[in-house]
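To start, the structure itself, in structure tokens.
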């Protein structure tokens, strides 16, 4: 058994170049979907992603740019035959220049966490058809990142879901036997950002350089823009220009305004709940139709048994009792996959709402006694 099969993926390491290229592509295509493929290598459970390339986009006429099929074609690009050939050609060129050129997955853009759908599952299954395949799906949320905090997450399909998806059986009985739940569909892996050591040293010295150049009494070497090498790592970590900026108070931390994306996330959550209600009604309709057919079958079987009993008394040959299979047709149970994906998306929205209101709620309770007269002791009670 190889080392890759023995050691499961524990984390994902992203190069800064990959992060910047992904952000640029997704921001350029926003609000449309942007997709591309990732290259790198597996290092004993750590998936190192060193580069990425966007999939080609077919130019459509202006009147078709915002139609639904345009978004679906972009979302389905990772498993398109033309893009598979393009991906193989790009990997071949990467090998010629001697860099990491193993296919390690794909990336996609998202809008306020709205990415858990059939296209996402099909794309990841296309790259992760086997449990031990070392591929991930990188999701960059453009709307969340516009708030100033980078939103980039890595996901894999769980082994249990991969086995069920291969059989394409998501009936109620099979799900109860396997114990597969909506929370077991995807697994999130932690992400680490990586830079070269010289780049890390330069980034840590940028605040010190700016503050030094702004000071008219600085020495000659600093005023010329030359960076003095730090004597040790502790000198870099204890740089006052860095430590003071991290905890410095800002108006963003003190404002009591509600998060601007909270309303849109709540609207998306309500839409997902409505979709869940529709799926529940469809399953209820199937249950009622199945019960009606089973009642008819039971009545027919009772009637046939009575007929055979009468024929036995008159010493006649009995009629077949399994003839009902030709006369009646039981309704097909709808797949529960869409309902499971929608439930997982509802959970995603609920977590986002909790994250949006957590900071604002804490601030509101902190200043409640000063804003509302006579309410100072309510929180303590």
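The values are calculated or read from the model by the stated rules, or taken from the named source; none is laboratory data. Bear in mind the structure is a predicted one, so any value in this text is a computation, not a measurement. As a convention, Cβ positions derive from the backbone with ideal geometry for all residues, glycine included, and neighbour counts pool all protein chains shown.
Filter the helices (runs of 4 or more DSSP H) completely within the range 145-252 down to those with at least 1 residues that are outside the structural domain of residue 20 (by TED's automatic domain parsing) and at pLDDT 60 or above.
Ranges flagged: 197-213, 233-237, 240-246.
Looking only at residues in the range 281-331 that are in contact with a helix residue (DSSP H, G or I) (Cβ under 8 Å, 6 or more places away or on another chain) and touching a residue at least 40 places away in the same chain (Cβ under 8 Å), which one is farthest from residue 183 (Cα to Cα)?
So the residue we want is 330.
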